[in-house]
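The values are calculated or read from the model by the stated rules, or taken from the named source; none is laboratory data. Since the structure is predicted, the reported quantities are computational estimates derived from the model, not experimental observations. Reconstructed Cβ throughout: ideal geometry from the backbone, glycine too, with neighbour counts over all protein chains shown.
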Amino acid sequence: MSENSSNKNEWPLWEVFTQPKSGKPHQHAGSVHAVDAEMALQNARDVYARRNEGVNIWVVESKHITSSTPEDMGPFFDPANDKPYRHPQFYSVPRAVKKRS
Amino acid sequence: MDTEKRAEEFQQRIDAGEKIEPKDWMPERYRKQLIRMMSQHAHSEVVGMLPEGNWIERAPSLKRKLVLLAKVQDEAGHGLYIYSAAETLGISRKEMVEQYIYGDAKYSSIFNYPTLTYADICAIGWLVDGAAIVNQTMLARSSYGPYSRSMVRICKEESFHKKQGYEMIARMANGTEEQQKMAQDSVNRWWWPSLMMFGPHDSDSPNSAELIKWQVKLKTNDELRQHFVDRTVMEAKAIGLEIPDPDLKYNEETGHWDFGELPWDEFWNVIKGNGIMNKERIKTRKKAYEDGAWVREAATECARKKKLGEEKAS
């Protein structure tokens, strides 16, 4: 996604997210090149939804996406590692109740 | 961390079946090999529109015209999925496209053969897309996440391509004498080039071992080719078409079909650029790219002015 001289006049890159059905979350589908948001939507429809794969599309210019880095995968998600009490399995319930559920 | 240690950890991730994502550390050579392989694959999808596009205006019925249009449009889509996936490795679309229009980047040799009759369109769907499915089903499990995901998408669409081709050639093989001849003639011409799509023998394929070690590919060229032959022989029998190979014989011991040696001289010759259509294909792509330059520039300029106008208004 870096801008070097050879791709100066290349159209900007947009990431495409499609919603497969109403009620479902949007999912990353891929990317397209386009001069503006309107063209990005049209290109995204032609490239990623030729067979009704989506009922809704989001496009966002790739340069606006911030992502966590694989290097800090460990430390970044650390706070969640030692908190098993956030999960229901951490708790015990009387046997009689367990059977019914 | 030094490179050697990282490479070791990288290999462990691969061996554990983990997928590699764009921002993960990867050996420079892994990145390079993927860019080479994926861009070749994308170029092939795009060039693949030309032999079939040749017949859109001459399709035998409105139905077949609609089908062919949809298929050719899919090939453009496939090219774009793979270019998009390859861009995550840090190469720009423009650089890739120009590497093959002005440089020496390769694309699949199959598209350097001409489509002489409409039966060729049927044979391409059946054999060429059939071979592509065998290859791409394997690549759908490739270790590079974006490549693998683009293959999953492609495989779904590719089975439509194959089925429409097989249906049409089956109908021709069951038609008038002239139609039968036409169908058999196209199978005779497309059979060997289709087998060549899997690349050279494993012993002549310098990249194979490395690509398999990194799980970019999961099977060798010869394994995939055998799989394709086994499958296609049955399909040919079912519709009464002959495979043009006198050495084709079922091997009771291995449970596979043995087949004759491919015309390797022809294979290397087409790769070197001397196939019937090599020059024509590049010329057509170059013309489209250069004739379209003003459209790309005009669209950029139009968007710039529109944005300026919006800023002024607000």
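Values for this structure:
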| read-out | value |
| --- | --- |
| Residue that is touching a residue at least 40 places away in the same chain (Cβ under 8 Å) and part of a loop (DSSP other than H, G, I, E, B), where the choices are B:P193, B:P200 | B:P200 |
| Residue ID - farthest from B:I35 (Cα to Cα), chosen from residues in segment B:145-183 that are among the hydroxyl-bearing types (S, T, Y) and more than 14 Å from chain A (Cβ to nearest Cβ) | B:T176 |
| Which listed residue, of B:K32, B:K23, is surrounded by fewer than 14 Cβ atoms within 10 Å (Cβ to Cβ), out of contact with any His (no Cβ under 9 Å at 6 or more places or on another chain), without any contact (Cβ under 8 Å) to a residue 12 or more places away in the chain and within 14 Å of another protein chain (Cβ to nearest Cβ) | B:K23 |
| The lone exception for A:I65 - which of (1) among the hydrophobic types (A, V, I, L, M, F, W, C); (2) surrounded by fewer than 17 Cβ atoms within 10 Å (Cβ to Cβ); (3) out of contact with any strand residue (DSSP E or B) (no Cβ under 7 Å at 6 or more places or on another chain) it fails | (3) |
| Number of the condition not met by B:I124 [criteria: (1) in contact (Cβ under 8 Å) with a residue 60 or more places away in the chain; (2) more than 21 Å from B:L69 (Cα to Cα)] | (2) |
| Only listed residue being within 24 Å of the chain's Cα centre (by Cα), of a type in the set (A, V, I, L, M, F, W, C) and either at negative phi or surrounded by 13 or more Cβ atoms within 10 Å (Cβ to Cβ) (or both), chosen from B:W294, B:W268 | B:W268 |
| Residue in segment B:130-143 that is over 17 Å from the mean Cα position of the chain (by Cα), surrounded by fewer than 23 Cβ atoms within 10 Å (Cβ to Cβ) and closer than 29 Å to B:K237 by Cα present | no |
| B:A288 being aliphatic (A, V, I, L, M), at pLDDT 95 or above, touching a helix residue (DSSP H, G or I) at 6+ places or on another chain (Cβ under 8 Å) and surrounded by 12 or more Cβ atoms within 10 Å (Cβ to Cβ) | no |
| Residues located in segment B:77-97, provided they are assigned to a helix (DSSP H, G or I) and either surrounded by fewer than 16 Cβ atoms within 10 Å (Cβ to Cβ) or within 8 Å of chain A (Cβ to nearest Cβ) (or both) | B:G77, B:L80, B:Y81, B:S84, B:A85, B:E87, B:R93, B:K94, B:E95 |
| Odd one out for B:G103 among (1) within 14 Å of chain A (Cβ to nearest Cβ); (2) part of a helix (DSSP H, G or I); (3) out of contact with any Pro (no Cβ under 9 Å at 6 or more places or on another chain) | (2) |
| Any hit, segment B:137-144, residues being touching a residue at least 40 places away in the same chain (Cβ under 8 Å) and either within 14 Å of chain A (Cβ to nearest Cβ) or in contact with a strand residue (DSSP E or B) (Cβ under 6 Å, 6 or more places away or on another chain) (or both) | yes |
| Checking B:Q12 against (1) crowded, with 21+ Cβ neighbours inside 10 Å; (2) away from chain A (no Cβ under 14 Å), the condition it does not meet | (1) |
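Conditions (1) within 13 Å of chain B (Cβ to nearest Cβ); (2) in contact (Cβ under 8 Å) with a residue 40 or more places away in the chain; (3) under 25 Å from B:L89 (Cα atoms); (4) not charged (D, E, K, R), marked per residue:
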position: A:E15; (1), (2), (3), (4): yes, yes, yes, no
position: A:A29; (1), (2), (3), (4): yes, no, yes, yes
position: A:V32; (1), (2), (3), (4): yes, no, yes, yes
position: A:E38; (1), (2), (3), (4): yes, no, no, no
position: A:L41; (1), (2), (3), (4): no, no, yes, yes
position: A:A49; (1), (2), (3), (4): yes, no, yes, yes
position: A:I57; (1), (2), (3), (4): no, yes, yes, yes
position: A:V60; (1), (2), (3), (4): no, yes, yes, yes
